[in-house]
Amino acid sequence: MKVLLVNKFLYPAGGAEAVMFLIWRTLEADGHTVIPFGMAHPRNVLTAYDKFLAPGVSYRQPMGLRAQVALARAIWYSPEARERLKRLLAEAQPDIAYVHNIYHQLSPSVLEALHEAGIPVIMTLHDYKLACPNYRLYTEGRPCMRCVGDGFHHAVLHRCVQGSRLKSLVCAIENTLHRRKGAYRSVAYFIAPSRFLYNIMTRAGLPENKLLHWPNPVDLPPVPRSRDAGYILYSGRLVPEKGLWPLMRAAQRLPQAEFHLAGEGPLRPELEAWCRHQGLFNVRFLGFVPPEATPKLIREARCLVMPSEWYENCPMAVLEALAHGVPVVASRIGGLPELIAHGQEGLLVPPGDEAALADALSLLLSDPVQAAAMGRRARKRAERDHAPRPYLDRLLALSAELLRHDSGTQRISFLDPYR
């Protein structure tokens, strides 16, 4: 089978890309042809289809008003991404498309091209974008559900996108236009990696007969754990919604514990300055850790900590810890309780509760035997719920079902999108 993989980034940028590359590798190992489509970027994996890639788009570089207007229009609908994809489809002739993140840089214009070519689409939802203009259901320092099932004007009123009313307006218009146009009606199935996200999407108007709850897959290393170096690992972006301030205050309560923070983000300078001011020398900021170095960092940790204060979906950092036989201490929020049973594969604490977080971490630090037992159960859970082979078998079976019909994109009637 010839499979088109669509994602705006074709390099390791985050959890969505980790899932995409795992599917890519597994498909090719099975003898399928993988045809990638996304944006041009110097870090991309090189393929024979690079000439068809959409131009790279960056929202961080300064630009004039005319360029900003053009960029906003491309966010809503990118004719160039659509035309590049049409040329790729004409040459490569894929059978089916697995779509991941397309928002902003590619836009749903690529779905239009796929629909016109009669190619069925299965789309994995890695965030809350279809229900929330800022993707995260989080604003003003706390979780937010205002736009779910309601108008997206709340995003403008509360400046939900980077604290900017203008950027919030652009993204609110994006969501509103796509909803009114039915921009996602040609998607045959949506994969929701967590039950929490599944429920949010039904509230946002996606019909349940198009939604599937499939937890993300993760690579299972043959040797899950070599040694326990005893440190506490945080792996992720350094941003407010990740609960890093409660983590810092928990570290302050545990001066004998060693905390390793792997990742970059806008909060890093402030966190480092606070640690210096507080004389907190047990926190190490590792910065960006390349993918090839991440497994060793995970498997030597006493535990992974995910103190998030936003609605996590199905984070790959947690799945990677489970796969390596490392217990997880996480907030009881979003999809996290679906991945960890309290006292089994790790411990769950109320989000933002630094005392409870410190107590949970202290328990695992003081009892390596219990931590190791949780780690063994974590590995078994990864094998049971997140193994790549069963995931891909389901995906291929679903693809075969769609391809047996003359027009997979219209096989299931799509109720008025996002009613």
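Return yes or no: is Phe37 among the aromatic types (Phe, Trp, Tyr), under 22 Å from Val121 (Cβ atoms) and buried (at least 21 other Cβ atoms within 10 Å of the Cβ)? Criteria met by Phe37. For His213, the criteria (1) surrounded by fewer than 17 Cβ atoms within 10 Å (Cβ to Cβ); (2) in contact (Cβ under 8 Å) with a residue 60 or more places away in the chain; (3) touching a Phe, Trp or Tyr at 6+ places or on another chain (Cβ under 7 Å) hold in every case but one, which is (2).
Give the residue, chosen from Ser362, Ser366, that is touching a residue at least 60 places away in the same chain (Cβ under 8 Å), in the same structural domain as Phe288 (by TED's automatic domain parsing), of a type in the set (Ser, Thr, Tyr) and surrounded by fewer than 24 Cβ atoms within 10 Å (Cβ to Cβ). From the options Ser362, Ser366, the qualifying one is Ser362. Across region 155-174, which residue is farthest from Ala131 (Cα to Cα) among those that are of a type in the set (A, V, I, L, M) and without any contact (Cβ under 8 Å) to a residue 60 or more places away in the chain? Going through the qualifying residues, I end up with Leu166.
Filter region 181-228 down to the residues that are closer than 14 Å to Leu125 by Cα and of a type in the set (Lys, Arg), then identify the one that is farthest from the chain's Cα centre (by Cα). For region 181-228, the residue satisfying everything is Lys210. Just for region 189-238: of the residues that are outside any helix (DSSP H, G or I) and among the polar types (S, T, N, Q), which one is farthest from Leu137 (Cα to Cα)? That would be Ser226.
Of all residues in region 283-298, those that are assigned by TED's automatic domain parsing to the domain that holds Ser235 have Cβ atoms under 8 Å from Cβ atoms of residues that are in a strand (DSSP E or B) and of a type in the set (S, T, N, Q), 6 or more apart or on another chain, in Val289/Ser235; Thr294/Ser235; Leu297/Ser235; Ile298/Ser235. Reported count of residues in region 20-34, each being in contact with an Asp or Glu (Cβ under 8 Å, 6 or more places away or on another chain) and buried (at least 19 other Cβ atoms within 10 Å of the Cβ), is 1.
Just a yes or no: is a residue in region 267-283 under 20 Å from the mean Cα position of the chain (by Cα) and of a type in the set (S, T, N, Q)? No; the residues of region 267-283 include none that is under 20 Å from the mean Cα position of the chain (by Cα) and of a type in the set (S, T, N, Q).
Count of region 73-88 residues, restricted to those that are of a type in the set (Asp, Glu) and under 27 Å from Leu169 (Cβ atoms), is 1.
Of all the residues in region 369-406, those that are crowded, with 17+ Cβ neighbours inside 10 Å, over 20 Å from Thr26 (Cβ atoms) and not assigned by TED's automatic domain parsing to the domain that holds Gly343 number 0.
Taking first residues from region 236-258 that are closer than 17 Å to Ile333 by Cα and at pLDDT 95 or above and partners that are of a type in the set (S, T, N, Q) and crowded, with 18+ Cβ neighbours inside 10 Å, the Cβ contacts under 9 Å between residues at least 6 apart in sequence or on separate chains come to Gly236/Ser308; Glu241/Ser308; Lys242/Ser308; Gly243/Ser308; Gly243/Ser331; Pro246/Ser331. Condition test on Arg43, is it surrounded by fewer than 21 Cβ atoms within 10 Å (Cβ to Cβ) and outside any loop (DSSP other than H, G, I, E, B)? No: the conditions fail for Arg43.
For the structure I just gave you, tell me whether Gly230 is without any contact (Cβ under 8 Å) to a residue 24 or more places away in the chain, of a type in the set (Gly, Ala, Ser) and more than 20 Å from Pro351 (Cβ to Cβ). When the stated conditions are applied, Gly230 does not pass them.
Return yes when Pro266 is surrounded by fewer than 18 Cβ atoms within 10 Å (Cβ to Cβ), assigned by TED's automatic domain parsing to the domain that holds Pro240 and assigned to a loop (DSSP other than H, G, I, E, B) and no when it is not. It is true that Pro266 is surrounded by fewer than 18 Cβ atoms within 10 Å (Cβ to Cβ), assigned by TED's automatic domain parsing to the domain that holds Pro240 and assigned to a loop (DSSP other than H, G, I, E, B). Counting only helices (runs of 4 or more DSSP H) wholly contained in region 290-394, the ones carrying 3 or more residues that are not aliphatic (A, V, I, L, M) occupy 294-299, 354-366, 368-385. The residues in region 171-183 that are of a type outside the set (A, V, I, L, M, F, W, C) and crowded, with 21+ Cβ neighbours inside 10 Å can be counted, and the count is 3.
The values are calculated or read from the model by the stated rules, or taken from the named source; none is laboratory data. These figures come from a predicted structure and were not determined experimentally. Cβ atoms come from the backbone with ideal geometry, glycine included; neighbour counts cover every protein chain shown.
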